[in-house]
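> Pasting a structure here, questions to come.
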Amino acid sequence: MKSHVPFIAVEGPIGVGKTSLAEKLSDEFSYYLLKEIVEENPFLGKFYENIEEWSFQTEMFFLCNRFKQLEDIQVNQLTKNQPVVSDYHIFKNRIFAKQTLKDHHFQKYDQIYQLLAEELPRPNVIIYLQASLDTLLSRIAKRGRSIEQQIDPEYLNQLSKDYEMFIQTFKETHPDIPVLTFSGDELDFIQRKRDFQEIVEKVSQSIHESKSQIRTEMKPINGVKA
């Protein structure tokens, strides 16, 4: 379900800067910050060593934890009119799972995913960060997470391509949810204040437009609420 309270989701491939941007936007707008669980996944290190062997366990852990997190913000934040900014949304799970799972595992996974995701809150603004493979690899090395140092560049490159395809499809199938795309190769929202302000201005405009659309949808017709 689409939230009537501002809910921003920052998305993009591994290493693109999702969490850093979500943290800065949370501070800027005074929104509740939702951060995905990554290093707590007990299967992740094994996954990067042997994707085929550990993909199903890894993806199921992420799916269950993200479901719980999004269910919690629906109850504890969005229904209480507290806006949220997140460094992920659950739709990313299918991107990763489709790439890593064997067909018979993906079919089982997707059935569970569809059941869990159906009633979860949907963002009303998505920020999509994209960057070249060299930039992603550089940032992964710089932040120094030990479990990420074994990531296969080919896996990361394919993941970036999968994101591009998914975002294009998402725009076509969800025209009511704006997707703001920013290049991590061109913008440095950590070091350059003007780059961050450019993002803030576009996000603010999208939030305003989303609120206007919601008011229009909820406007009573002949005295009866639609």
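> Restricting the first residue to the stretch 198-221 and requiring it to be over 29 Å from Glu186 (Cβ atoms), which pairs with a second residue that is at pLDDT below 55 meet a Cβ separation below 9 Å and a spacing of at least six or different chains?
If the second residue must be at pLDDT below 55, the pairs left are Glu217/Ala226; Met218/Lys225; Met218/Ala226; Lys219/Lys225; Lys219/Ala226; Pro220/Ala226.
> Can you give me the number of residues within the stretch 97-128 that are within 22 Å of Leu180 (Cα to Cα) and in contact with a helix residue (DSSP H, G or I) (Cβ under 6 Å, 6 or more places away or on another chain)? Don't jump to the end; show me each part of the working.
Going through the stretch 97-128, the residues within 22 Å of Leu180 (Cα to Cα) turn out to be 120-128.
The next check asks that each one be in contact with a helix residue (DSSP H, G or I) (Cβ under 6 Å, 6 or more places away or on another chain); those that pass are 120-121, 124-125, 128.
Going through the stretch 97-128 one residue at a time, the tally reaches 5.
Per-residue answers, yes or no, for (1) surrounded by 17 or more Cβ atoms within 10 Å (Cβ to Cβ); (2) of a type in the set (S, T, N, Q); (3) modelled with pLDDT of 95 or more; (4) under 27 Å from Lys171 (Cα atoms):
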residue	(1), (2), (3), (4)
Gly12	yes, no, yes, yes
Arg94	yes, no, no, yes
Gln111	no, yes, yes, yes
Leu115	no, no, no, yes
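> Tell me, which residue of the stretch 155-183 that is in a helix (DSSP H, G or I), among the hydrophobic types (A, V, I, L, M, F, W, C) and touching a residue at least 24 places away in the same chain (Cβ under 8 Å) is farthest from Asn124 (Cα to Cα)? Before the answer, list the steps.
Filtering the stretch 155-183 down to residues in a helix (DSSP H, G or I) leaves 155-173.
Now restrict to residues that are among the hydrophobic types (A, V, I, L, M, F, W, C): 156, 159, 165-167, 170.
If we keep only those that are touching a residue at least 24 places away in the same chain (Cβ under 8 Å) too, we end up with 156, 159, 166-167, 170.
Values: Leu156: 27, Leu159: 24, Phe166: 17, Ile167: 15, Phe170: 13 Å.
Looking at the filtered set, the residue picked out is Leu156.
> Now a separate question. Find all pairs meeting these conditions: Cβ atoms under 7 angstrom apart; at least six residues apart or on different chains; first residue within the stretch 44-60 and under 20 Å from Ile95 (Cβ atoms); second residue modelled with pLDDT under 90 and polar (S, T, N, Q).
Qualifying pairs under 7 Å: Tyr48/Gln150; Thr58/Asn41.
> Turning to a different aspect of this structure: Report whether or not Glu52 is on the phi < 0 side of the Ramachandran plot, among the acidic types (Asp, Glu), assigned to a helix (DSSP H, G or I) and more than 20 Å from the chain's Cα centre (by Cα).
Numbers: on the phi < 0 side of the Ramachandran plot: yes; among the acidic types (Asp, Glu): yes; assigned to a helix (DSSP H, G or I): yes; more than 20 Å from the chain's Cα centre (by Cα): yes.
Yes; evaluated as a whole, the condition is true for this residue.
> Shifting gears a bit: So the check is Cβ under 8 Å with 6+ separation or different chains; which pairs have a first residue in the stretch 65-76 that's part of a helix (DSSP H, G or I) and a second one that's of a type in the set (Val, Ile, Thr)?
Asn65/Ile37; Arg66/Ile37; Arg66/Ile90; Phe67/Ile90; Gln69/Ile37; Leu70/Ile90; Ile73/Val84
Residue by residue, here is whether (1) in contact with an Asp or Glu (Cβ under 7 Å, 6 or more places away or on another chain); (2) among the aromatic types (Phe, Trp, Tyr); (3) within 29 Å of Asn50 (Cβ to Cβ) holds:
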site: Asp152; (1), (2), (3): no, no, yes
site: Phe166; (1), (2), (3): no, yes, yes
site: Thr169; (1), (2), (3): no, no, no
site: His174; (1), (2), (3): no, no, no
site: Ser183; (1), (2), (3): no, no, no
site: Glu201; (1), (2), (3): no, no, no
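> Has the stretch 85-92 got at least one residue that is farther than 30 Å from Arg194 by Cα and either at pLDDT below 95 or aromatic (Phe, Trp, Tyr) (or both)?
Taking the stretch 85-92 first, the residues farther than 30 Å from Arg194 by Cα are 90-91.
Now drop any that are not either at pLDDT below 95 or aromatic (Phe, Trp, Tyr) (or both), which leaves 90-91.
Within the stretch 85-92, one or more residues are farther than 30 Å from Arg194 by Cα and either at pLDDT below 95 or aromatic (Phe, Trp, Tyr) (or both).
> Let me ask another. From (1) exposed (fewer than 12 other Cβ atoms within 10 Å of the Cβ); (2) modelled with pLDDT of 95 or more; (3) among the β-branched types (Val, Ile, Thr), pick out the condition that doesn't hold for Ile127.
Single failed check for Ile127: (1).
> Are any residues in the stretch 156-180 surrounded by fewer than 14 Cβ atoms within 10 Å (Cβ to Cβ) and of a type in the set (Ser, Thr, Tyr), and if so, which ones?
Hits for the stretch 156-180 are Thr169, Thr173.
> Let me ask another. Which is over 17 Å from the mean Cα position of the chain (by Cα), farther than 19 Å from Ile95 by Cα and assigned to a helix (DSSP H, G or I), of Glu198, Glu186?
Glu198
> Go through the stretch 19-47 and count every residue that is in a helix (DSSP H, G or I) and surrounded by 15 or more Cβ atoms within 10 Å (Cβ to Cβ).
Total meeting the criteria: 14.
The values are calculated or read from the model by the stated rules, or taken from the named source; none is laboratory data. Computed from a predicted structure; not experimentally measured. Neighbour counts run over all protein chains shown; Cβ positions are idealised from the backbone, glycine included.
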